[in-house]
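Chemist: One structure, as structure tokens, below. Some questions next.
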Amino acid sequence: MRRMLPLIGTPSSHPGGRSAMTCRFRCGDACFHEVPNTSDNAYVGDVIAGALSRRSMMRAAAVVTVATATGAAVVGTGAPEAQAAEAQAAGAGASDAAYWSKKGARGLRFAPVAPNTTDAVVIPDGYHQNVVIRWGEPILRGAPAFDPENQTAKAQAGQFGYNNDFLALLPLPGERGRELLVANHEYTDEILMFRGYDAANPTREQVEIAWAAHGLSAVVVEADRRTGKLTAVPRHHLNRRVTATTEFRLTGPAAGSDLLKTSADPTGTKVLGTLNNCSGGTTPWGTTLHGEENFNQYFANSSRPTDKRYGIGTAASERKWERFDKRFDVAQEPNEVHRFGYVVEFDPYDPSSTPRKHTALGRFKHEAATIRLTADGRPVVYTGDDERFDYFYKFVSSKRMKHGTSRAVREHNLSLLDEGTLYVAKLTGDSPAIEIDGTGKLPSDGEFDGSGEWIPLATATAKGAVSHVEGMTADEVFVFTRLAGDKVGATKMDRPEDIEPNPRTGKVYVALTNNSNRGVGTNAKADEANPRNANKHGHILELTERWNRPESTTFAWLLFLVAGDPADPATYFAGFPKDKVSPISCPDNVAFDPHGNLWISTDGAQLGSHDGLFGVATTGERRGELKQFLTVPNGAETCGPVIGDRQVLVAVQHPGEIDGATVDKPASTWPDGPGKIVRPAVVAVWRADGCDIGS
Ligand code: FEO
Ligand code: CA
Ligand code: CA
Ligand code: CA
């Protein structure tokens, strides 16, 4: 396993843009392995077709309104303020503060934070921040205070988990100033959790702590009405932990199939735990969705071709969990691995509910899952498979959402994602292939754009499921979805991360984070939808469903943003002047503010600056004007943005995760300063004068 000395604040040499330590623990070194998609699917440039009409009929999507609950703010707390102020003042953004504070689209009027390598959360001038909750803070009744030197699995099961990624903030009617925060805990980094961790010989207690540190947290948070500060409310009856050992129900068409039966569960419907929950979404019926992403890395000893397509290894796993529970050993329990890689649905309002894994949405490395409703109330879920050269998908339900809060209504809505059709995306460019030269140079029509189709893979009904893929049963399509995508010729993308419809316009944004292997060796070369070979910085695709109906089976698309240093000719910011935008690299999570601006958080930025959060207008004359709102500490990724009227929430994931760092040799002192263990945490940011964000 590769180990390197700490190089704080410098970009790693890793092709995927992260430190080797992050690659090792987060995605099982996916980028060091061969590309799992060896199918010979056509690429976009093979066919030139007329673009669809991009005229869109505006249709407001029904989404849960994210309530914000901050009052006037006076002071901030949290990160090392002096360092942060210095970094903020050092940037071009600060020198132009007066200009920027008056300019920009509504919701984006702030002085952009300059690129920096400060070990802090650096926010715009005039804003304050606080740490809402950290790894290990007790949230359940009876859970002890965090003690890094005396961790136990029992304690961790009642405490906030490790490596927060997706965040949802849900209303809490009847409790003034309070909301319900739901967080994903994507993965554990044992080297940064346990002093003297021996990766070759983890102890049972360490493994069980890691199981308890994965999963989800629900925790009630309370806003300070004077300052905008947000704090956790421990021991609230809605607080809950879901871990790698919590019971889940498999639902939908593949539930109960032979492919999902194990010696511990001959019904094929019950599974323990959720793993590697990355991003997610909030449903209009008040539940949350969570993507099980790099689940492959927890399983050992497989030699099956189907497992190879998912990157499941032939040897021992990184964390050696198979030594402590044979279900992680594919040689001993072959079907357990088929029970991970789904979209999870969680009902945070019912602490006794059994969370579900939705087989109808397919099995792959789900980054996220976000919803738009059809005009007649059926949910359409967009979801991407985060792997180099993999695909993005949508699911169109055949059932209508019901309104209300009765148990019967909630039960009905929890079944919406069990019946419908799963599709995969195929994209076609409208410029001649010869004009897509792999450098990022725009073709002669001035845009990377084209048309696309949603290819049906399988349909689930109350009476059973039908496969639309030759040679595969419906069960196989839902469990080996990547192979189904291969067979129908889906378009190989540059790592589809978050994907989300704009609630104001209906247009869908797909973050394609990077793909250093594009055009390298025998891998697929650049095409109009993925126009740069060795794509280091990624891009964002904007998709318009035909007639702006989410259930359409055809769409138009264009590249909204081609990321990188704006001085690099191979970048594009929706046509906005490039001397007026912030540099950005490796877009990952996306979110919308109440004005319809797109907010983008980055993971593994390759421009020498720390990762951060950016806002960009998607409509009007300022479309494409991208501005950086914050940066995160050494080694961290910015995750889970929630943008309300008066508050921005971000999850600071894997701070200090830099090659060579350990508990004794930390690469970051965030959030609690020198001498304290580095802890992933959630941060709230608000305006010092109590006004709306970016107003
Ligand atoms: Fe967990 Fe695709 O990022
Ligand atoms: Ca074109
Ligand atoms: Ca992500
Ligand atoms: Ca990522």
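The values are calculated or read from the model by the stated rules, or taken from the named source; none is laboratory data. What you see is a predicted model, and the numbers here were worked out from it, not measured in a lab. Quick reminder, even Gly has a Cβ in these numbers, built from the backbone with ideal geometry, and neighbours come from all protein chains shown. SASA here: full protein model, heavy atoms, side chains in, ligands and nucleic acids out. Shrake-Rupley method; radii C 1.70, N 1.55, O 1.52, S 1.80 Å.
Chemist: Would you mind getting me the FRET efficiency between residue 567 and residue 525? Use the beta-carbon distance for r and R0 = 30 Å, nearest 0.05.
Modeler: So, using R0 = 30 Å, E works out to roughly 0.75.
Chemist: Also, I was wondering about something else. Enumerate the calculated ³J(HN,Hα) couplings along region 185-196 in order (Karplus 6.51 cos²θ - 1.76 cosθ + 1.60, θ = phi - 60°), each rounded to whole Hz, writing x wherever the residue is Gly or Pro.
Modeler: Those phi angles translate into 10, 5, 7, 10, 10, 4, 5, 8, 9, 10, 4, x Hz.
Chemist: So how long is each side of the chain along the principal axes, counting just the alpha-carbon atoms, biggest first, in Å?
Modeler: Reported extents, whole Å, longest axis first: 62, 60, 54.
Chemist: Show the residues, 5+ positions off or on another chain, whose built amide H is closer than 5 Å to the amide H of residue 166.
Modeler: 184
Chemist: How many nm separate the modelled label positions at residue 195 and residue 306, each set 7 Å beyond the Cα in the direction of the Cβ?
Modeler: Placing both labels 7 Å along Cα→Cβ, they lie 4.7 nm apart.
Chemist: Same structure, new question: Near residue 394, which aspartates and glutamates are there with a Cα under 12 Å away, not counting those fewer than 8 places off in the same chain?
Modeler: Output for residue 394: 385, 453, 500, 545, 551.
Chemist: Using 7 Å Cα-to-Cβ label points, what is the residue 39/residue 441 separation (nm, one decimal)?
Modeler: 3.2 nm
Chemist: Return the subset of 627/665; 261/402; 536/580; 308/357; 492/578 for which the Cα-Cα distance in this structure is over 26 Å, preserving the input order.
Modeler: Result: 627/665; 261/402; 492/578 exceed 26 Å.
Chemist: Can you list residues whose amide H is under 5 Å from residue 626's amide H, if they're 5+ apart or on another chain and H is modeled 1.01 Å from N?
Modeler: 582
Chemist: May I pose another question? Can you compute 3J(HN,Hα) from phi for each residue in region 454-471, using the Karplus curve 6.51 cos²θ - 1.76 cosθ + 1.60 with θ = phi - 60°, rounded to whole Hz and x for Gly and Pro?
Modeler: Listing the rounded values in order: 9, 8, x, 9, 6, 10, 9, 10, 5, 8, x, 10, 10, 8, 9, 10, 4, x Hz.
Chemist: Taking H placed 1.01 Å from N in the peptide plane, check which residues at least 5 places from residue 419 or on another chain put their amide H under 5 Å from its amide H.
Modeler: 398
Chemist: Each residue of region 159-170 in order: what ³J(HN,Hα) in whole Hz does its phi give by Karplus 6.51 cos²θ - 1.76 cosθ + 1.60, θ = phi - 60°, with x for Gly and Pro?
Modeler: Along region 159-170, the couplings run 10, 4, x, 8, 6, 5, 10, 4, 10, 10, 10, 10 Hz.
Chemist: Got the relative contact order for region 135-241 handy, in percent, Cα pairs under 8 Å and 6 or more residues apart?
Modeler: 32 percent.
Chemist: Give the aspartates and glutamates reachable from residue 676 as a straight Cα distance under 13 Å; neighbours fewer than 8 places away on the same chain don't count.
Modeler: Within reach: 147, 149, 664.
Chemist: Here's a follow-up. Fully extended, how many nm does the chain gain between residue 466 and residue 400 (0.36 nm per residue separation, minus their Cα-Cα distance)?
Modeler: 21.7 nm
Chemist: In whole angstrom, note down how far apart the Cα centers of region 527-566 and region 607-658 are.
Modeler: If you average the Cα positions of each part, the centres end up 20 Å apart.
Chemist: If I take R0 = 30 Å and measure r between the Cβ atoms of residue 672 and residue 226 in this structure, what FRET efficiency does the formula 1/(1 + (r/R0)^6) give, to the nearest 0.05?
Modeler: 0.80
Chemist: Given points 7 Å out from each Cα along the Cα-Cβ axis, report the residue 315 to residue 411 separation in nanometres with one decimal.
Modeler: Simple spin-label model gives 5.1 nm for this pair.
Chemist: If you don't mind, another one. With a sphere of radius 11 Å drawn around the Cβ of residue 192, what net charge do the other residues whose Cβ falls strictly inside it have (Lys, Arg +1; Asp, Glu -1)?
Modeler: Every neighbour counted, the sum reads -1.
Chemist: Summarise the accessible area of region 135-241 (1.4 Å probe, protein heavy atoms) by the percent that is carbon and sulfur.
Modeler: 49 percent
Chemist: Which whole-number percent is the relative contact order of the chain (Cα, under 8 Å, 6+ apart)?
Modeler: That works out to 19 percent.
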